[in-house]
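What follows is a single structure, written as structure tokens, with notes after it.
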Amino acid sequence: MEPKTNLADLNVVAFAGGVGGAKLALGLQEVLGHGNLSVVVNTADDFEHWGLTICPDIDTVLYNLAGVNNMEQGWGRADETFTAMETMSHIGGEDWFTLGDKDLALHLRRTEWIRQNIRLTEVTDRLRRSLGIPSNILPMSDSPVRTLVHTEDGDLPFQHYFVRCRCEPVVIDLSFVGAPEARPTVEIQEAVAQADLLIFCPSNPFLSIDPILHVHGMRQMLRQAKAPIVAVSPIVGGEAIKGPAAKLMTELGKAVSAITVIDHFEDLLDGFVLDQTDAELQEGITIPVAVTNTLMKSIEIKQELATTVLDFAHTLPKATRVSQSTRWNNETITEIG
């Protein structure tokens, strides 16, 4: 990384899914200069519901960076009401996916623009500006990509698996439908080219980061990027910080460990951030490691983690991707999708 006298001057691109990614993105936004953060967000969780285009991960990032998110849930809006939801349920409409009234207004506006053939990237930018967010929020592609979860109960669209079935079916495999046809947007290409640092946020590596990496040309673009790539572990002490990552890893025959996350990202990483609970694991890792508190329970800890990641990345040389993945106990990691 090129030396800069002030970490706030760094241009950073963060790759994120929902809650965990949004938390670190907020910490980064707080310590970086105005407009110096771009967040590339997973859109493979998107779906059509009530005739509307719903983008759960984009909205979680939007609400967190705008400071209007529901602090208890991590997703959705603060001070939300559910009159429309209650009415829909009363008249026999689908009510398995909860939509608040404020949230619903955003979906209505987004769908209106999408039907006018406005790119999802432009739609998202209009929404982030309306919420007063200084950071750039970039959908992983303007083309639709959808996660299909292959389970013992059959194939399920992601939101049906995640929300309707509460992640209960046993997962066999995952597919990212539309990924081979999708492409990184010009905005993402420019952000990566200008970045001083690329960060994989502590989002689910299989359900949040993988869909982004499966967009055609994305992995190659990152492999060729000049900026170092650092990942923050979403696994702490053998458990997922949030969501079904641990359950999914177990069902796919993988150890629930930060080491598995490193192995899964193969030759992309230049550095890795471990939680202090897993400090002993660093002896088995062949890329540079930083150890810190990654449990972002307050805005102060989010900022501290962001600063630690930036400081750590500042010590890394440019683009020294490992030639092969770090292995742990000779375990072979197979790519999903």
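How much accessible area per residue does region 123-243 have, counting only protein heavy atoms and a probe of 1.4 Å, in square angstrom?
40
Mind listing the phi-derived Karplus ³J(HN,Hα) values for region 214-219, rounded to whole Hz, using 6.51, -1.76 and 1.60 with θ = phi - 60°, and x for any glycine or proline?
With coefficients 6.51, -1.76 and 1.60, one gets 7, 4, 4, x, 5, 4 Hz.
Rounded to whole Å, give me the distance from the Cα center of region 167-230 to that of region 112-134.
About 21 Å separates the Cα centre of region 167-230 from the one of region 112-134.
Binning at 10 Å from 0, report for region 103-153 what percent of all alpha-carbon pair distances ends up in each bin.
All Cα pairs, binned at 10 Å, distribute as 22, 44, 22, 11, 1 percent.
Given R₀ = 56 Å, FRET efficiency for A279-I118 by Cβ-Cβ distance, to 0.05?
It comes out at approximately 0.70.
Net charge around N204, counting only other residues with Cβ within less than 12 Å of its Cβ (Lys, Arg = +1; Asp, Glu = -1)?
After counting each charged neighbour, the total is -1.
Calculate the spin-label point distance for H314 paired with Q224, positioning each point 7 Å from the Cα along the beta-carbon direction, and give it in nanometres.
The modelled label-to-label distance comes out at 3.1 nm.
For region 47-55, what does the Karplus curve 6.51 cos²θ - 1.76 cosθ + 1.60, with θ = phi - 60°, yield as ³J(HN,Hα) per residue in whole Hz, taken in order and with x for Gly and Pro?
For region 47-55, the Karplus curve yields 7, 9, 8, 6, x, 10, 8, 9, 10 Hz.
In region 19-134, what percent of the accessible surface is made up of carbon and sulfur (1.4 Å probe, ligands and nucleic acids excluded)?
Carbon and sulfur together cover 49 percent of it.
Give K102/K297; K23/K297; K23/K226 a once-over and call out the pairs whose C-alpha atoms are over 20 Å from each other.
Flagged as over cut-off: K102/K297; K23/K226.
Please give the charge dipole size of the chain, origin at the Cα centre, charges +1 on K and R Cβ atoms and -1 on D and E Cβ atoms. Round to the nearest 20 debye.
740
Taking H placed 1.01 Å from N in the peptide plane, check which residues at least 5 places from H49 or on another chain put their amide H under 5 Å from its amide H.
Hits under the 5 Å cutoff: I54.
Once you keep just the Cα pairs under 8 angstrom separated by 6 or more residues, what percentage relative contact order results for the chain?
About 20 percent, as a whole number.
Which percent, to the nearest 5, of DSSP beta bridges fully inside the chain are antiparallel?
Restricted to the chain, the bridges split so that about 40 percent are antiparallel.
Taking the Cβ-Cβ separation of E300 and T98 as r and a Förster radius of 25 Å, what is the calculated FRET efficiency to the nearest 0.05?
Here the calculated transfer efficiency is 0.25.
For M88 paired with V177, estimate the spin-label separation in nm (one decimal), with each label point 7 Å from Cα along the Cα-to-Cβ line.
2.0
The values are calculated or read from the model by the stated rules, or taken from the named source; none is laboratory data. A quick note: this is a predicted structure, and the numbers were derived from the prediction, not measured. Please note: Cβ atoms are built from the backbone with ideal geometry, for glycine as well, and neighbour counts cover all protein chains shown. Quick note on the areas: whole protein, heavy atoms, side chains included, nothing else; ligands and nucleic acids left out. Shrake-Rupley method; radii C 1.70, N 1.55, O 1.52, S 1.80 Å.
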